[in-house]
Structures are given as C-alpha cells and as structure tokens.
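Peer 1: Quick one: this structure, given as structure tokens, is what I'll be asking you about.
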Amino acid sequence: MKTITTLAMLAAVLTLAACTAARASTPTPTVAEANAYTPSPGYTAPPPMPSTISSIPDGVYRTRVLKADAVATSGDSQYAGTWTFTLTHGGYTLQCQWTDQDGQDCGNDGYPGEVVVESGPTRGDAAVVYFAVDPAAVSKLNGCSPVEACGTGDPYRLEWKATGDSLVFTNFIGYGDQASLAPVNNFTIQPWTKIG
C-alpha cells in the first residue's frame, strides 16, 4: 500500500512539473504581437490609399508630447499624451495615455489610462505612409461601442524617414474628417523613438 501511495504522489509531482514546464514554455506575446492589426471581416482600405504596403519599419515606437509643447507647436492641447505606435507588416495600432490630467490629452478621449485610439492598415512606399482607421478593429481592441463611435474611417498621409532608432513624420495631409486636423500634430511635433 505504501508503494502505491508513493507512486501516486510521484505521478502527481511529475504531472505538476509537466504542467508548469508547459506553461513556462508558452511564449508571452510581445507588445507588437498583442497590438498587431487584424482586418475586420469585409474591411477594405478607403481611397486614396494605394494598394502597396509601406516599407515603414515594423516595431513599437513612442513619443511623449506635453500639453505646453502641443499648444506651442500646433495651438491645440488635444495632441498631448504619451503616444505608442505599433507598426506591423501592413497594419498599425495607436495607443495614448494622458500626460496631463485635464481630460484634453489624447484627442480629448476622457480616459486617463492607456487606450487604443486607432488601428488599421498602412499603405504607401519608401517615403510616404497612409493610415486609415478600421473602426471594427478598434472596437475589438478597446471595447468602444457602437462601432460607429470607434473612429472615422477616413485616411491620412504622412511623409516618413527612419533615422537610427527613430521615426520622423512630416507633411501631414488628412482626407475627409481627417482634413480638419492640424498639419503639426502628435505625429509631427517630435520624433518617435523605437522601444520594441
């Protein structure tokens, strides 16, 4: 009886060890993988976005725009925030967290924690990138509802340049609802540093 009990305990220990090893070997997704854009069913990129995928380098980039800098450069405090930009082959996700606590950061989103504000396709070439919001993808990532409240689907265009571990954006052009954004905004105020 003692042998059976010992064998049962040994089996339990081995099973627990195997489960722990399996759990430990399950890879934790990187920030880029966790925030990778997945097109919503039936989504197509709007015009004037080209069909080619931009060669902008994949990675996770961040910039921190203080309210004083946003107002001084663009005249609008809504561009303040800690912005995190995840670029994956053919897609992007943009997150923001307040730097000031007055509610005007991150496009006046009213939410102080880090939240996904945009996600969608990237198109372009070696010098220009187009972004467009896929509202259903944003809804899936941040829970906004109804889907129509998850962002405008109109695209915007920027010229880009990679310099070392930084991205620099210039010459913003917005289309449709995006045309009202200032040419100097959270993308163009300062360089974005690669963090992942």
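Laboratory data are not the source of any read-out in this text; all were calculated from the coordinates shown. Just so it is clear, the structure is predicted and the values come from calculations on it, not from any experiment. Reconstructed Cβ throughout: ideal geometry from the backbone, glycine too, with neighbour counts over all protein chains shown.
Peer 1: Let me check I've understood the local charge: for Ala127, count other residues with C-beta under 12 angstrom from its C-beta, Lys and Arg +1, Asp and Glu -1. What total comes out?
Peer 2: Neighbourhood net charge equals 0.
Peer 1: Between Ala179 and Arg64, what length in nm is gained on full extension when 0.36 nm per residue of separation is reduced by their alpha carbon distance?
Peer 2: The span from Ala179 to Arg64 would gain 39.1 nm if fully extended.
Peer 1: Another one. With a Förster radius of 45 Å, plug the Cβ-Cβ distance of Ser166 and Ser145 into 1/(1 + (r/R0)^6) and report the FRET value to the nearest 0.05.
Peer 2: Details: r = 36 Å, r/R0 = 0.80.
Plugging the Cβ-Cβ distance into 1/(1 + (r/R0)^6) gives 0.80.
Peer 1: Find out how many positive minus negative residues lie around Asp165, taking Lys and Arg as positive, Asp and Glu as negative, among other residues whose Cβ is under 14 Å from that of Asp165.
Peer 2: Net local charge, Asp165 excluded: +2.
Peer 1: Fewest to most neighbouring Cβ within 10 Å: what's the order for Thr73, Thr52?
Peer 2: Sorted ascending by nearby Cβ count, the order is Thr52, Thr73.
Peer 1: Tell me, rounded to the nearest percent, the portion of alpha carbon pairs in the stretch 103-196 spaced more than 17 Å apart. Mind dumping the intermediate values first?
Peer 2: Values: 2547 of 4371 pairs.
Value for the stretch 103-196: 58 percent of Cα pairs lie more than 17 Å apart.
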